[in-house]
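Participant: Here you go, one structure.
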Amino acid sequence: MTAAPSLAEFRAAADSLDGVISHTPIELSRMLSDSLGAPVLLKMENLQRTGSFKIRGATYRLAQLTPEERLRGVVAASAGNHAQGVALAAQSLGIPATIFMPLGVPVPKLLATRGYGAEVVLEGETVATSLRLAAEFAERTGAVLIHPFDHRDVVIGQGTLGLEVFEDVPDVDTVVMGIGGGGLIAGVSAAIKQAAAEAGRPVRIVGVQAENAAAMPLSLAAGHPVEIQTQPTIADGILVAQPGAVPFEIINELVDEVVTVSEDDIARALLVLLEHAKVVVEPAGAVGVAAILAGKVKATGTTVPILSGGNIDPMLLQRVVAHGLAASGRYATVRIPLPDRPGQLAKVSEILSQVGANVMEVLHTRHGHGLQISDMILQLSIETRGPEHTQLAFDALRAAGFEPSVMPD
């Protein structure tokens, strides 16, 4: 027997959030449709208020507090999206809010959270530490701890997104989205599957995790939430070591498949969304698209990946775009040993110009381990049209007697 909230609960939550959240658009992606072999429509929750879906669960959770609980205030811990959701929800309801954030939190998320009126405490290196400190604060002060995913009301609030998807795309066959702690996918899968069953049809749910933070496959295999040792990932919004107990029960019952994607897959997806969909999405919000591009999602009909957030630090975006170009074979850092004779740099530049490769950056040095007095190293960052064009550039250099090698990015 499923632990999922009822369809009536999701619909009541949607009614209560009307006018508070935005009904975010859904747009067809021809490029992704061609890649998958089926229509792909992007649910652009990155355009939601505060830049992510988190405002849904946070607002619904806070709206359920008693008058006495509201007077005590709320406390939360987050690296950004949940923090902004709680801060804005608290501000709109007149509830004092304290948010614990780790020291390395992206500056835009920090400033946005403060801008919504919350008191921000920067302490600890990880979200796990911030969550522990928030729990201690709640115990000490009586403030209500607003967990980012492990609460039934949060799941219900996030599930309103699933109702929107089914309302806008009633013929949807597959919904694809990221998994961190599990609140979003639990809510969406429960809401949309019940709405689809009422209409007499099924909907398949595919969850996606970053390879470096993939606790869900092990948890599903074990039959209970399992804590793992995570590795760094650009998808910090889903960097969670252990799924929540409340969402896990629903996921175990209703989610059809969970896949993982690499860092290169995620970077490539961000680049595709920028170039083809003209939208800015944070790495955690792009993992559904990453799974499609990586061939991890099979075509069964109309498919909706959820772009769950768009709060990305501009400096990270710059690095991710460069990484995405490299992962797509369109950007490479090339190391070329040269004899220390006049005209060598000009010769290399002429060869690359003739094949249409664009030189982005040049480092020309006579200093380095293993270099002879008569040698030097040329390091070039080049932009090409893709892997075949890059290979053409390398072949042209080798034909001229040079020995180029690709440096890891």
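Participant: In Å², what does the accessible area per residue of the range 11-118 work out to with a 1.4 Å probe?
Facilitator: Details: 4240 Å² over 108 residues.
It amounts to 39 Å² per residue over the range 11-118.
Participant: Oh, and also: Taking amide H atoms as placed 1.01 Å from N in the peptide plane, list the residues 5 or more away in sequence, or in a different chain, whose amide H sits under 5 Å from that of Glu257.
Facilitator: Amide H neighbours of Glu257, under 5 Å, 5+ apart: Ile205, Gly207.
Participant: Taking a probe of 1.4 angstrom, what is the accessible area of Ser130 in Å², to the nearest 10?
Facilitator: 0 Å²
Participant: Okay, next question. Take the Cα gyration tensor of the range 250-369, multiply each eigenvalue by 5, square-root it, and list the three semi-axes largest first, rounded to whole angstrom.
Facilitator: Whole-Å semi-axes of the equivalent ellipsoid: 40, 14, 14.
Participant: Taking 8 Å as the Cα distance limit and 6 or more residues as the minimum spacing, I'd like the relative contact order of the chain as a percentage. Write down the numbers at each step before the final one.
Facilitator: Details: 883 pairs, mean separation 64.9, N = 409.
Taking the mean separation of contacting Cα pairs over the length of the chain, I get 16 percent.
Participant: Keeping all protein chains in place, calculate the accessible area per residue for the range 141-261 (probe 1.4 angstrom), answer in Å². Can you show the working numbers first?
Facilitator: Working: 4110 Å² over 121 residues.
Value returned for the range 141-261: 34 Å² of accessible area per residue.
Participant: So what are the radius of gyration and Dmax for the Cα set of the range 56-158, in Å?
Facilitator: Every Cα atom of the range 56-158 included, Rg and Dmax give 12.1, 35 Å.
Participant: Rolling a 1.4 angstrom probe over the protein heavy atoms, how many square angstrom per residue are accessible across the range 268-409?
Facilitator: Numbers: 7030 Å² over 142 residues.
Spelled out: the 1.4 Å probe surface of the range 268-409, per residue, equals 50 Å².
Participant: Provide the per-residue ³J(HN,Hα) series for the range 338-353, in order, calculated from phi with Karplus coefficients 6.51, -1.76, 1.60 and θ = phi - 60°, each as a whole number of Hz, with x at glycine and proline positions.
Facilitator: 10, x, 7, 10, x, x, 5, 4, 4, 5, 4, 4, 5, 4, 5, 5
Participant: Here is a further query. If one takes the longest principal axis of the Cα atoms in the chain, at what angle in degrees, from 0 to 90 and to the nearest 10, does the Cα axis of helix 152-168 lie?
Facilitator: Computed tilt is about 70 degrees.
Participant: Can you pull the accessible area of Glu361 for me, 1.4 Å probe, Å² to the nearest 10?
Facilitator: Rounded to the nearest 10, the figure is 110 Å².
Participant: Continuing with the same structure: Listed highest first by mean packing, meaning other Cβ atoms within 10 Å per residue, what order do 60-69, 176-185 come in?
Facilitator: On the way: 60-69: 16.6, 176-185: 30.0.
Per-residue mean Cβ counts within 10 Å order the peptides as 176-185, 60-69.
Participant: Could you tell me what a quarter of the Cα convex hull surface of the range 39-103 works out to, in nm² with one decimal place?
Facilitator: Numbers: hull surface 21.1 nm².
With every direction weighted equally, the projected area is 5.3 nm².
Participant: Right, next: Leaving out ligands, DNA and RNA, what percent of the accessible area of the chain is carbon and sulfur, probe 1.4 Å? Kindly include the intermediate steps, with their values, before the conclusion.
Facilitator: Numbers: 9250 of 17520 Å².
In the chain, the share of accessible area belonging to carbon and sulfur is 53 percent.
Participant: When 1/r is averaged over all different Cα pairs and the result inverted, which Kirkwood radius in Å belongs to the chain?
Facilitator: It works out to 22.8 Å.
The values are calculated or read from the model by the stated rules, or taken from the named source; none is laboratory data. Owing to the predicted nature of the structure, the values given are computational and were not obtained by experimental measurement. Note: ideal-geometry Cβ built from the backbone for every residue, glycine included; neighbour counts use all protein chains shown. These area figures cover heavy atoms from the full protein model, side chains too; ligands, DNA and RNA do not enter into them. Shrake-Rupley method; radii C 1.70, N 1.55, O 1.52, S 1.80 Å.
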